[in-house]
Amino acid sequence: MRRSGIKRGQRLRRQSRRRMRLQANYVAFTLGIKDRDGWRCRVCFGFGILDVHHVIKRSQGGGLMDPHNAVTLCRQCHDRTDAPYTQGRLVIKWAPPDRFFYDVVYAPSKFAVKKFGGG
């Protein structure tokens, strides 16, 4: 039983086109961020596999395509942004205009961490 005049396959194709447009825009965004950062990791200045890291996680309100919320990191540095504090977590903060501050934070647990950068 259909509730609208649109068939199921047509709805899926429309959603797929929208998703593909978003992906194309995101790829263009990441290429722009990597170009802004000189195609190097902003922490170790390496040229390896590069990722675009969101300084404020998208789940915590950071913008998906906000250039002030994005920085180019190599895969090793990007992995350290989610490392346990006992192993040393890489913490990145943004300051205008396009300046990023980095610190490696060691702590016995995430609850024992004093927020770096004035927090």
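Among the residues of the range 29-73, which ones are hydrophobic (A, V, I, L, M, F, W, C), under 12 Å from the mean Cα position of the chain (by Cα) and closer than 22 Å to D103 by Cβ? Spell out how you get there, then give the answer.
As a first pass, look at the range 29-73 and keep what is hydrophobic (A, V, I, L, M, F, W, C): 29, 31, 33, 39, 41, 43-45, 47, 49-50, 52, 55-56, 64-65, 70-71, 73.
Remaining after also requiring under 12 Å from the mean Cα position of the chain (by Cα): 29, 33, 50, 52, 55-56, 64-65, 70-71, 73.
Within the range 29-73, I33, L50, V52, V55, I56, A70, V71, L73 meet the criteria.
The condition of being outside any strand (DSSP E or B) and of a type in the set (F, W, Y) holds for only one of Y26, Y102, that being Y26. With respect to the conditions (1) surrounded by 11 or more Cβ atoms within 10 Å (Cβ to Cβ); (2) modelled with pLDDT under 90; (3) assigned to a loop (DSSP other than H, G, I, E, B), G119 lacks only one, and its number is (1).
Note on the range 29-53: among residues that are of a type outside the set (A, V, I, L, M, F, W, C) and either modelled with pLDDT under 90 or assigned to a loop (DSSP other than H, G, I, E, B) (or both), the one that is surrounded by the fewest Cβ atoms within 10 Å (Cβ to Cβ) is G38. Answer yes or no as to whether D98 is of a type in the set (D, E, K, R), under 25 Å from A24 (Cβ atoms) and surrounded by 14 or more Cβ atoms within 10 Å (Cβ to Cβ). No: the conditions fail for D98.
The values are calculated or read from the model by the stated rules, or taken from the named source; none is laboratory data. Because the structure is predicted, anything quoted here is derived from the model rather than measured. Quick reminder, even Gly has a Cβ in these numbers, built from the backbone with ideal geometry, and neighbours come from all protein chains shown.
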